[in-house]
Amino acid sequence: MRRWARTIAAAAYLALCLAVPIFWLRSHFCTDHVAWSTRCGWQSVRTAAGHLQVDVLLADWSATPPDQLHGPRYERTDARPPFCLVLSPCSSRGDIDTAWQHAGFAWYSRLNPSRGVHRATAVVPCWLLAVGTLFPPVIATVQRFRRRRLAAAQAAGSSKAGSIRSESVSAIGTISYDGPPPVSSDLSIASFYERPAGAAD
């Protein structure tokens with residue numbers, strides 16, 4: 001079961017790695033747009049000339065008729081750069097606007113606490129997504145290399161310790177003794193008691 005799960009996850013990740021550069025290149029020729037609406041508001045994701053743009057509208061649409069709400073709908077249009085639907089000239093009293101953009105990144109937000117409405121737009125360059133998809137396989141490769149290197153070092157240490165132990169045992173077995181043969185204590189005591197009575201100590 002785990003093997004099948006890993007295979008499916010690897011296939012899905014490979015498809016994602018291939019889809020990111022394809023949509024990156026495709027965004028310069030056309031715009032792929034997916035939008036859907038629920039009782040909590042409206043959301044959309046679209047490509048925009050080398051960028052990925054996400055728009056979110058959070059509001060209470062519980063009174064909206066069900067036929068006006070829809071699931072994900074795909075639409076393809078001409079290539080367009082990122083644009084902000086949040087900071088439109090039409091604003092309401094009590095709106096709190098936030099705008100930030102730098103190096104292809106952007107964040108726009110309009111919050112109206114009194115009305116309970118929050119609109120936000122996030123823009124991310126596609127190159128960041130392409131680089132981000134490379135991190136997991138790179139990290140996995142580095143970890144695998146470290147595990148193999150550690151296993152090789154442990155195997156080398158075990159073999160070296162075994163060779164040192166065998167050399168020590170063989171060296172102990174070949175030690176020679178050139179002195180007189182050892183005399184047991186029992187033989188010495190017996191020899192003492194068998195000495196002649198007139199012999200001097």
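Bear in mind these aren't lab numbers, they're just calculated from the coordinates by the rules spelled out. Computed from a predicted model, the values in this text were never measured in an experiment. Positions of Cβ are generated from backbone atoms using ideal geometry, with glycine treated the same way; all protein chains shown enter the neighbour counts.
State which residue pairs qualify: first residue acidic (D, E) and inside the stretch 94-113, second residue in a loop (DSSP other than H, G, I, E, B) in any location, beta carbons under 8 Å apart, and separation of 6 or more residues or different chains.
Every condition considered, the pairs that remain are D97/V86; D97/L87; D97/S91.
Within the stretch 27-77, how many residues are in contact with a strand residue (DSSP E or B) (Cβ under 7 Å, 6 or more places away or on another chain) and farther than 21 Å from W127 by Cα?
First, pick out the residues of the stretch 27-77 that are in contact with a strand residue (DSSP E or B) (Cβ under 7 Å, 6 or more places away or on another chain): 27, 30-36, 40-48, 50-59, 61, 69-77.
Subsequent filtering for residues that are farther than 21 Å from W127 by Cα retains 35-36, 40-43, 56-59, 61, 69-77.
Counting residues in the stretch 27-77 that are in contact with a strand residue (DSSP E or B) (Cβ under 7 Å, 6 or more places away or on another chain) and farther than 21 Å from W127 by Cα gives 20.
Considering only residues that are polar (S, T, N, Q) and farther than 16 Å from W107 by Cβ, which ones fall in the stretch 45-78?
Pass one, the stretch 45-78, residues polar (S, T, N, Q): 47, 53, 62, 64, 68, 77.
Of everything in the stretch 45-78, those that are polar (S, T, N, Q) and farther than 16 Å from W107 by Cβ turn out to be T47, S62, T64, Q68, T77.
Give the number of residues within the stretch 51-61 that are under 30 Å from the mean Cα position of the chain (by Cα) and surrounded by fewer than 17 Cβ atoms within 10 Å (Cβ to Cβ). Outline the logic, then answer.
Start the filter on the stretch 51-61 by keeping residues that are under 30 Å from the mean Cα position of the chain (by Cα), which leaves 51-56.
If we keep only those that are surrounded by fewer than 17 Cβ atoms within 10 Å (Cβ to Cβ) as well, we get 54.
Counting residues in the stretch 51-61 that are under 30 Å from the mean Cα position of the chain (by Cα) and surrounded by fewer than 17 Cβ atoms within 10 Å (Cβ to Cβ) gives 1.
Considering the stretch 103-136 alone, what residues qualify as being exposed (fewer than 15 other Cβ atoms within 10 Å of the Cβ) and over 16 Å from A48 (Cα atoms)?
Answer for the stretch 103-136, where residues must be exposed (fewer than 15 other Cβ atoms within 10 Å of the Cβ) and over 16 Å from A48 (Cα atoms): P113, S114, R115, G116, V131, G132, L134, F135, P136.
Does the stretch 50-62 include one or more residues that are among the hydrophobic types (A, V, I, L, M, F, W, C) and closer than 19 Å to A130 by Cα?
Step one: list which residues in the stretch 50-62 are among the hydrophobic types (A, V, I, L, M, F, W, C), which gives 52, 54, 56-59, 61.
Narrowing the set further to residues that are closer than 19 Å to A130 by Cα leaves 52, 54.
Within the stretch 50-62, one or more residues are among the hydrophobic types (A, V, I, L, M, F, W, C) and closer than 19 Å to A130 by Cα.
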